[in-house]
Amino acid sequence: GGGGGGGITKVEERARGAAKAATYRSYLAAAGSWRFHLLFLATCIAFSSLSPLQSVALKMWVASMAPGASGDSSRPCLLYVLAGVAFITTTLARNVLLPSASVRASRRMHAAMTATVLRARISWFEATPLGRIL
């Protein structure tokens, strides 16, 4: 047995196409609060801004050391170093924030799904194929 035609199980429905906006909203809600999202957005904006700033600072530093250039090259050098340190710090922050939010979201979502499955009625288990539950 088990392959009879008049069983309790229902034909599975399948969604096609892109994920719905509600799916993304629930993932973002599980990832963290609005403060976290603002912090991550600020980190991404800083990351995107610091790379061009580094290039400009390097160009200024090299130009200040060119033959015939007047002025001190220590200020452009300091700007380049500060931009580099800020870029590294921002990269580190981004590379810590994103994985921690992903793990937080997956733990929260899996805990909610597990709780829902464990509280389901016995008839749901009888009607739902094991592969769909897993």
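The values are calculated or read from the model by the stated rules, or taken from the named source; none is laboratory data. Bear in mind that the values here come from a model prediction, so they are computed numbers and not experimental data. Ideal geometry is used to build each Cβ from the backbone, glycine not excepted, and the neighbour counts take in all protein chains shown. To get the accessible areas, we keep the full protein, side chains included, count just its heavy atoms, and leave off ligands, DNA and RNA. Shrake-Rupley method; radii C 1.70, N 1.55, O 1.52, S 1.80 Å.
Some notes on this structure:
- Prolate/oblate/rounded call for segment 59-115, Cα gyration tensor, a/c under 1.5 rounded: prolate
- Multiplying the residue separation of ARG107 and ALA127 by 0.36 nm and removing their Cα-Cα distance gives an extension gain of 4.5 nm.
- Helix runs (DSSP H) in the chain reaching 20 Å along axis by Cα, Kyte-Doolittle at least -0.5: 34-64, 74-118
- Given charges at beta-carbon only (K, R positive; D, E negative), |dipole| of segment 1-133 in Debye: 460 debye
- Taking all protein chains into account, the per residue accessible area for the chain stands at 78 Å² (1.4 Å probe).
- The share of accessible area on the chain that comes from carbon and sulfur is 65 percent, using a 1.4 angstrom probe.
- Taking label points 7 Å from Cα along the Cα-to-Cβ direction, ARG119 and ALA69 give a separation of 6.6 nm.
- Note on SER49/ALA21: beta-carbon distance plugged into 1/(1 + (r/R0)^6) with R0 of 35 Å gives a FRET efficiency of 0.75.
- Extension gain, VAL81 back to LEU58 (0.36 nm per residue minus Cα-Cα distance, nm): 7.4 nm
- Each principal axis of the Cα cloud of segment 17-134 was evaluated for its coordinate range; sorted largest first, these ranges are 86, 27, 21 Å.
- Förster radius 30 Å - calculated FRET efficiency between ILE88 and ALA29, Cβ distance, rounded to 0.05: 0.45
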